[in-house]
Structure formats: structure tokens, C-alpha cells
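The values are calculated or read from the model by the stated rules, or taken from the named source; none is laboratory data. Fair warning: this is a prediction, and the values are worked out from it, not measured in the lab. Cβ placement follows ideal geometry from the backbone for every residue including glycine, while neighbour counts extend to all protein chains displayed. Just the protein is used for accessible areas: all its heavy atoms, side chains included, with ligands, DNA and RNA removed. Shrake-Rupley method; radii C 1.70, N 1.55, O 1.52, S 1.80 Å.
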Number of protein chains: 2
Amino acid sequence: MTDPNPAGLAEDTAARLRAQVIAGHLRPGQRLSETRLAADLSVSRNTLREVFRLLTREGLLTHAPNRGVSVAVPSMAGVLDIYRVRRLIEVPALAQAWPRHAAVLRMAECVAQARIAREAGDWRGVGSANMSFHAAIVALTDSPRLTAFFAQAMAELRLAFGLLDSPEQLHAPFLQENGAILELVQQSDMDAAAARLADYLDRSERVVMTAFARLENGVTPG
Amino acid sequence: MTDPNPAGLAEDTAARLRAQVIAGHLRPGQRLSETRLAADLSVSRNTLREVFRLLTREGLLTHAPNRGVSVAVPSMAGVLDIYRVRRLIEVPALAQAWPRHAAVLRMAECVAQARIAREAGDWRGVGSANMSFHAAIVALTDSPRLTAFFAQAMAELRLAFGLLDSPEQLHAPFLQENGAILELVQQSDMDAAAARLADYLDRSERVVMTAFARLENGVTPG
DNA sequence: TCATTCTGGATTGTTCAACAAAACTGGGCG
DNA sequence: CGCCCAGTTTTGTTGAACAATCCAGAATGA
């Protein structure tokens, strides 16, 4: 009961390492020594290599032949691509959704949890709830492939967020926006909800891109 | 020059095994013994396990804990999901495409190659060209994530096609359709091209689903 | 002084051997 | 006929080993 699916050591370790990467414990660009990290995670080097394959395929790590793997360093092109994917998937998902789908409940829970986290000043929690909210939107499609693909893209996006200073500025303005979208969905006005989501994505993208540009200008001098 | 990217033994082996699965050399549901397959592919068992992780994540293999991996057995729900993904990605890709994109050339090449293959009676070649044609459509977006995701879905779809008898019936009616879409694109009439593509997908889905239903009824009696 | 070459050490890529744990197989028994 | 139980096979994981490659710093030469 405590462990519904043992799922094997490799996937478990992959989840742990993924969490560390997303949480920013490992900085983008940092090389990951196989022996060292294997010791840190208490797994064998072979098992760690299986984990590396998975996370590399997910886009969180990059692999250079004979030079090992490093944490992927997000690029503006990558962020742009991810937002295009988000628009392409999320907006139709919401527009064609069934108003009484189970995932609507999850959306509501995410909005509530985001508010609780904001009250507590837990900005990382706010970010997590926001991500879950949009994951729930995609879950409206009942498509396992879309859901998995979207989760992957969101993990990459979180990695990019970790680069920016003050992630609170990124999520705070959009808290009420999520609530508004949820209300429109609950009123079965899917077209309005989708339009509002599209606007959300445009603005969010702009905020992230400007923050990113400022970062790159600051890091790479003239 | 002969080998532009060594890319490592694992990914090379993954490509080989992927080709074997797609080509139908390994039947869906068949269990893959690690030691045996490792010997067949002339790689170590550890390397093969890395390959298994990759292809499992791609959806071509399934992994049961302590029971090894087997070739994934396509389901009607899976095919349905894949066609939804195709519609969601391909139609907007075509609708918003730049008429002079480089991928349009690849589309033309695929149409030509499909015709050549049909003349030669090479139906598997026709199928490959058809797949490449739609991959080129997605390439119109210049989105690496969409392209990779779509390629994965198409690989799964090919696995499902392998189940059906007489795959020629699946591709033959759509050869001219591809040509018509290409002409509309070359005339910069993207809306018409997208509409025709949507119609193509609807009809193709129906053909595949009926073939699939006939198969399942024949296999599972009563 | 500066650029080049060389060399030693560290890291990756891959294989092999070993073992615990779980699943499958076949026979024995109620 | 169904259940249990030992033996065998297969998976899951680890550790060690070795070649190939890369990296840093010393040695060399202009």
C-alpha cells in the first residue's frame, strides 16, 4: 500500500535526479561525473547510465560523446519552442474540453493550492501548482501521449525558470488568471476560456523571454 | 565522411532494434530475452538494457517489472490517440506554414519517391515515403520538439500497421491525395491544403480502424 | 616569451562475471 | 482437479576490468 509501484531502481533514481535538476540543485552546464554522481545517488554506474539515457531523451541533460553528460543549458530558442508547443496543445485542449471532465477538479485543486502557497510565501509551491494546473488542462484531452509529451516540455521549462532570478515575478501575475480561466470552464464557456488561455500564454512568454534576454545580456558582455 | 556521427553504440543499437520492430521482424507481444537478444545484436547485456529504456520510453516496447520487456502490442485506443495527435500537429503545421519553406522540397521528394516505389511494386517503400511526407509537414514548423514527438508517434503507428494484412490497401488510396496537398501548398493555398489534410486524416483513420476492428474480431473469438 | 608537442592521469564507453530476488516450470500430494 | 513446493531460468543490480578518448600541465623548440 505504501508503494503502489516499485517501478525499479533506475526509474526511481531518474525521478530523484530529475527533481534535483528541476529544483536547481545542479546548475545548467554543469558536468555530471558518472562515478561521483553514482556514489551520491547510491547506485551503480551502470544504473546511472540508464538514468542518463532517459533524462537525455527528455531534454534535461545533454550528452557529448566521450565527454559525458551535463545539465542542459536552456536557450531562448528552446523556450520559444516550448511556448509554441504549449499554445498548440493547451488551447485546443481547453477549447474542445468536456465541461464536467474529472480534470476540471484537478484544475480547481491546483488553483486553491497555489493560493495557499502564496499565502505561505512558498513561491516554489506556487510554481509547482501553476505547472500542475496546466498539466490538468492537457489532461482534459485524455491523451496519454500528449500528457507525457507536455509534462516533458514543462520539465524543460522549469529548468529554464531556474536560471532566472526572482521566479516569484513570473508566477504571481498569473495566479488570478488561472482562477479566471477555471471559472470560465466551470461556466462551460470554453471558447472564452481558450481565448483567455491564449492571451495568458502570450503574456507569460513575453515575460519569460524578456527576463531571459536580460540574463543573457548580463552574462555575456558586449 | 562515411559516418557523420558515431553517436555511440547504444543509440546505434537502438536504431537497429527500432528498425527490426517497425519492420515486423519481431511480433507484437513477443518477449525479448536479454541474453539472447544481446547475443543477436552483438552487444553487452548492459548496453542492451540502455536500449530497452529508450525504446520503452518511445512506446515501441513495454516493460513489466521482473518480467522483462516485450514488443508493444498496439491497441485501438492507441491508434485513436495517435490520430488525434496527428490532427492536432499536422493540420496547424500546414495551415501556418511558410510556402517557400525548405521542407516543401522534402515533401515533393517524398511524393516522387512514393510514385517510384509504387511503380516498382515496393509497397513497404510506399509506406516509408508516405511517412516521410507527413514528417516533412511537421518539419514545416521548425520545432525540434514537435518533430521528435511526431516521429515517435509515427513509429508507433507503423508498428500497428505491421499487424494488418495487406498494408498496400492502406497507402495506395492516399498517394494522389499527397500529391494534391503538395500542389495546394506550392500554390500557397495553405487553408485548402490544411482542409484537405484534415480530410485525409479522417479517412485514413477510418480505414485503419476498420482494418483493426476486423483483425481483433478475427483473433479474439466470441 | 610564446606556441607546439608530448606525456600522465582522469573520464568515458563497453564488456564480463557474479549474485540476490522474482517469476516460471514441472512434479508430488491432498 | 487443484494446491504446494522445490529447481531452474530470467531479471535487476552491482562491481571490476580494460580500451579509447579527452584534459591539464610539463617539456621542448623557435
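Odds and ends about this structure:
- Residues that are of a type in the set (A, V, I, L, M), within 16 Å of DNA strand C (Cβ to nearest atom), crowded, with 16+ Cβ neighbours inside 10 Å and closer than 28 Å to residue A:203 by Cα occur at least once in the range A:72-89.
- Any chance residue B:33 is among the polar types (S, T, N, Q), away from DNA strand D (no atom under 15 Å from the Cβ) and more than 15 Å from the chain's Cα centre (by Cα): no
- Filtering the range B:26-42 for residues that are away from DNA strand C (no atom under 13 Å from the Cβ), within 10 Å of chain A (Cβ to nearest Cβ), in contact with a helix residue (DSSP H, G or I) (Cβ under 8 Å, 6 or more places away or on another chain) and open to solvent by less than 40 Å² (accessible area, probe 1.4 Å) leaves an empty set.
- Looking across the range A:48-67, the residues that are open to solvent by less than 30 Å² (accessible area, probe 1.4 Å) and within 16 Å of residue B:47 (Cα to Cα) come down to A:48, A:50, A:51, A:52, A:54.
- Residues that are outside any strand (DSSP E or B) and hydrophobic (A, V, I, L, M, F, W, C) were ranked within the range A:44-73; the one that is nearest to DNA strand D (Cβ to nearest atom) is A:48.
- In the range A:95-129, the residues that are in contact (Cβ under 8 Å) with a residue 60 or more places away in the chain and polar (S, T, N, Q): A:96
- Residue check for residue B:13: open to solvent by less than 40 Å² (accessible area, probe 1.4 Å), at pLDDT 95 or above and assigned to a helix (DSSP H, G or I): yes
- No other residue among B:101, B:134 is out of contact with any Lys or Arg (no Cβ under 7 Å at 6 or more places or on another chain), at pLDDT 95 or above and within 30 Å of residue A:139 (Cβ to Cβ) apart from B:134.
- Residue B:54 being of a type in the set (A, V, I, L, M, F, W, C) and within 14 Å of chain A (Cβ to nearest Cβ): yes
- Residues that are small (Gly, Ala, Ser) and within 12 Å of chain A (Cβ to nearest Cβ) within the range B:69-99 comprise B:75, B:77, B:78, B:93, B:95, listed in sequence order.
- Test: residue A:19 is at pLDDT 95 or above, away from chain B (no Cβ under 13 Å) and either assigned to a loop (DSSP other than H, G, I, E, B) or farther than 29 Å from residue A:126 by Cβ (or both): no
- Listed by position, the helices (runs of 4 or more DSSP H) inside the range B:120-183 whose residues that are of a type in the set (A, V, I, L, M) and within 14 Å of chain A (Cβ to nearest Cβ) number at least 1 are B:123-139, B:144-163.
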